[in-house]
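The values are calculated or read from the model by the stated rules, or taken from the named source; none is laboratory data. Being a predicted model, the structure only gives us computed values, none of them experimental. Positions of Cβ are backbone-derived with ideal geometry, glycine not excepted, and every protein chain shown enters the neighbour counts. Just so you know, the surface numbers come from the protein's heavy atoms only, side chains and all, with ligands and any DNA or RNA stripped out. Shrake-Rupley method; radii C 1.70, N 1.55, O 1.52, S 1.80 Å.
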Amino acid sequence: MRILVVEDEKRLAASLQAGLQAEGFAVDTAHDGEEGLWYAREHDYDAILLDLMLPRVNGYEVCATLRAEENWTPILMLTARAGESDQVEALDTGADDYVTKPFSFQVLLARLRSLLRRGVRERPTLLTVGDLVLDPATRMVTRNGTELSLTSREHSLLEFLMRRDGQVVTKSDILANVWDYAFEGDPNIVEVYVGRLRRKVDRPFGRSDIETLRGSGYRLRVPDA
Ligand code: CA
């Protein structure tokens with residue numbers, strides 16, 4: 001059994017590798033999302049342990065990219081926060097299971113073994129908010145049946161808003177999840193991207209569902225069912 005560990009905390013990656021090797025697994029490690037994608041594309045793994053917050057390409061994006069490429073290797077996501085939304089997001093992006101940090105190695109091993117028993121299953125999921133439909137696997141977005149052309153950052157931002165299901169998200173939430181915790185540029189970049197998204201997602205359809213809530217953040221309005 002061959003496992004890929006994608007984890008930027010090098011000591012954790014090394015201890016996972018040692019622990020899994022002691023259990024008889026062959027283990028490769030990658031320390032950022034880009035490297036993780038490279039390994040996952042180059043080799044066949046029985047499972048991937050994928051950290052959520054990673055440099056370059058975050059865990060959600062790694063997961064969504066692999067699924068978009070029809071790579072269905074079972075993925076166990078390592079999420080740093082106890083917030084439920086992260087776990088839901090992990091599963092929605094195509095991860096098969098998750099463990100919340102800090103975890104005990106025995107718990108991780110049990111989850112991993114159960115994942116390996118289940119084997120590969122194809123499980124694309126669609127996100128829907130009103131007439132907006134986003135497919136995290138193929139990255140296709142449609143509104144009222146019309147396909148929208150979004151850059152990958154615009155796509156990530158829209159996906160983040162859609163997953164929040166009508167909740168208000170702050171600018172720093174957006175920066176942390178759509179950019180990176182390590183983002184050190186101008187936070188007003190968020191406004192720029194929200195503006196771009198409105199021009200593509202709302203305006204052509206005569207809508208204004210992406211709302212700015214002064215002083216608190218942004219929200220994608222969910223239509224009454
Ligand atoms: Ca990390």
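Miscellaneous remarks
- First in the range 159-171 and more than 11 Å from residue 127 (Cα to Cα), second anywhere and among the aliphatic types (A, V, I, L, M) and at pLDDT below 90, Cβ under 8 Å, 6 or more apart: 166/222
- The residues of the range 132-190 that are over 20 Å from residue 92 (Cα atoms), among the charged types (D, E, K, R) and in a strand (DSSP E or B) amount to a single one, 147.
- Options 19, 24, 36: the member that is assigned to a helix (DSSP H, G or I) and more than 16 Å from the ligand (Cβ to nearest atom): 19
- Scanning the range 151-169 for residues that are of a type in the set (A, V, I, L, M, F, W, C) and either at positive phi or open to solvent by less than 40 Å² (accessible area, probe 1.4 Å) (or both) gives 157, 158, 160, 161, 162, 169.
- Looking only at the range 54-75, and only at residues there that are among the hydrophobic types (A, V, I, L, M, F, W, C) and surrounded by 22 or more Cβ atoms within 10 Å (Cβ to Cβ), the one that is nearest to the ligand (Cβ to nearest atom): 54
- Candidate set from the range 1-16 (those that are more than 16 Å from the ligand (Cβ to nearest atom) and over 19 Å from residue 98 (Cβ atoms)); member that is modelled with the lowest pLDDT: 1
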